[in-house]
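One structure is given below, encoded as structure tokens.
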Amino acid sequence: MYAAGPFGEYYCDSPVSLEQSQFDAISKFVPKRAFTISTGDIVEGAIWETTNDEIVSDIGDAYTRMRKTLGLVYPAIGNHDANPVNSFPPAGVPTNYTDTYDYSAHSAFWSPWIGPAAASQVVDNYGSYSVQHANSTLRIISINTMFSEGVNWWIYNQTLSADPSGIFTFLSNTLSAAEAANERVWIIGHIPPGRPDFLYDYSVTFDSLVQRFSHVIAAMFWGHTHRDQFEISYSDYSNRVPGNAQVVGYVAPSLTPTSGNPNFRVYEVDPVTFGIRDVHVYFANASRSDYQTHGPHWEKYYSAKEAYAGALDPSVTDRKAELSPAVWSRIVAAFQSNDTLFQQYYARKQRGWEYVPCEGSCKSGEICQLGSAVSAFACLDPTQAAAKRDLSSAAGQDATDECGVSTMRNVMRAMGGDVAALRKRAGVVLRR
Ligand SMILES: [Zn+2]
């Protein structure tokens, strides 16, 4: 056992020094950015040792730091941003537990960015809000995805609601208004609907809204997995061809070095359609010998247009060309036929760390997941989100969510033992 270095270590949460270095790197490499998206999970991974005060303190520190360094940020709430982790009771659940303090704190810290009206929505609307980006036709819809999260135990308190906390009504009404106003929409949130811990029924409901408003939604942005991924919403999941590709969900890799090198993404955006022209990924290689002595060395890792769209036949290389859903569908097809290209993707998915070739069922499962923004159609075993998943199996590795569920799995296993064992298991992640 040894102490973590000052800029963080693999398997560990992010220290503030690493967090600040990322914010500084974003400012350095993208000085003309319009704004930044934060997809949540500010709070540390010691999930059973948090307090309400710590949640407020942690998010306050991070959002204040972002405001000073990054300027305009559109944020979303993550499953770690409550005490304890994943605790988001839907409306109507009879309990003395409340997240009111949490939504109020988020509202206060986000208000300078999203304004008082949207900040009020954060409190009244269980962490979700909608706001128009100034002087544009772009509307940001930020949703709290945790009412669809399989390990949010509160959702099982009563018969599962078809519309927990009115989240789908909010989304539908907001998209309808955006459609009527000829706006373009970016949906941002934490848990990608194509992941195993997004309950199947809710992912189907969510995707039905995405299909209905696919001409309005320019892109979606998620976090949570810590992996560099994407997922395509198709109008027909039994026929996943470019002509049926509707919307792309961009799943960003993470800052935390828990499972890879610290990352951030930069999106090149069409100023009229708000479609994505390219995705540039920057990273700090924590394996560098001078990482701890000189601090993170941030550099360009790759761009999706150079690495993937440029390899298509015909290629898509024009800087102004959009990486449309159809192009991403062609990229997935190229992964199928060009194993070298797929393995390059898989190494990048792991954020350039601990890559092992993904073959056989690992590869077919990965390709299926990239082609589904619905967990029900992502070729996942429903038990993969539960506690008894075999850590050593390739299928389990594919479906592993690095944000909470992997730790939750250990917790669930320990529940066969006593409380001391439970606490011991839950404490495996170091505090920040
Ligand atoms: Zn998460």
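The values are calculated or read from the model by the stated rules, or taken from the named source; none is laboratory data. Worth saying up front: this structure is predicted, and the values here are computed from it rather than measured. Methodologically, a virtual Cβ is constructed for each residue, glycine included, from the backbone with ideal geometry; neighbour enumeration extends over all protein chains shown.
One table, with the values for the structure above:
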{"quantity": "Of all residues making up the range 48-82, the number that are touching a residue at least 60 places away in the same chain (Cβ under 8 Å) and away from the ligand (no atom under 12 Å from the Cβ)", "calculated": "5"}
{"quantity": "Selection status of PRO94, within 16 Å of the ligand (Cβ to nearest atom), out of contact with any helix residue (DSSP H, G or I) (no Cβ under 8 Å at 6 or more places or on another chain), under 27 Å from TRP154 (Cβ atoms) and in a loop (DSSP other than H, G, I, E, B)", "calculated": "no"}
{"quantity": "Qualifying positions in the range 179-208 - part of a helix (DSSP H, G or I), more than 23 Å from ALA252 (Cβ to Cβ) and of a type outside the set (S, T, N, Q)", "calculated": "GLU179, ALA180, TYR200, ASP201, VAL204"}
{"quantity": "Residue count for the range 117-151, restricted to those that are in contact (Cβ under 8 Å) with a residue 24 or more places away in the chain and of a type in the set (Phe, Trp, Tyr)", "calculated": "2"}
{"quantity": "Test: residue in the range 325-336 that is more than 19 Å from the chain's Cα centre (by Cα), polar (S, T, N, Q) and surrounded by 20 or more Cβ atoms within 10 Å (Cβ to Cβ)", "calculated": "yes"}
{"quantity": "Which numbered condition SER120 misses (of (1) over 19 Å from ASN79 (Cα atoms); (2) within 20 Å of the chain's Cα centre (by Cα); (3) in a helix (DSSP H, G or I); (4) polar (S, T, N, Q))", "calculated": "(2)"}
{"quantity": "Residue list for the range 176-207, restricted to those being closer than 18 Å to SER128 by Cβ and among the β-branched types (Val, Ile, Thr)", "calculated": "VAL185, ILE187, ILE188, ILE191, THR205"}
{"quantity": "Residues (crowded, with 19+ Cβ neighbours inside 10 Å and away from the ligand (no atom under 16 Å from the Cβ)) located in the range 27-47", "calculated": "THR36"}
{"quantity": "Output for the range 354-375, where each listed residue is under 20 Å from ASN244 (Cβ atoms) and more than 18 Å from the chain's Cα centre (by Cα)", "calculated": "SER364, ILE367, CYS368"}
{"quantity": "2 or more residues closer than 20 Å to GLY189 by Cβ, at pLDDT 95 or above and more than 16 Å from the ligand (Cβ to nearest atom): qualifying strands (runs of 3 or more DSSP E) within the range 209-322", "calculated": "217-222, 229-234, 245-251, 263-269, 276-284"}
{"quantity": "Residues that are surrounded by fewer than 20 Cβ atoms within 10 Å (Cβ to Cβ) and either within 17 Å of SER136 (Cβ to Cβ) or not β-branched (Val, Ile, Thr) (or both), drawn from the range 184-212", "calculated": "TYR200, ASP201, SER208, LEU209, GLN211, ARG212"}
{"quantity": "Residue that is touching a strand residue (DSSP E or B) at 6+ places or on another chain (Cβ under 6 Å) and within 25 Å of HIS133 (Cβ to Cβ), where the choices are ALA62, ALA25, ALA34", "calculated": "ALA25"}
{"quantity": "Selection within the range 348-367 - within 19 Å of SER287 (Cβ to Cβ) and either among the polar types (S, T, N, Q) or crowded, with 17+ Cβ neighbours inside 10 Å (or both)", "calculated": "ARG348, LYS349, GLN350, ARG351, GLY352"}
{"quantity": "Residue ID - surrounded by the most Cβ atoms within 10 Å (Cβ to Cβ), chosen from residues in the range 130-154 that are over 20 Å from the mean Cα position of the chain (by Cα) and not polar (S, T, N, Q)", "calculated": "LEU138"}
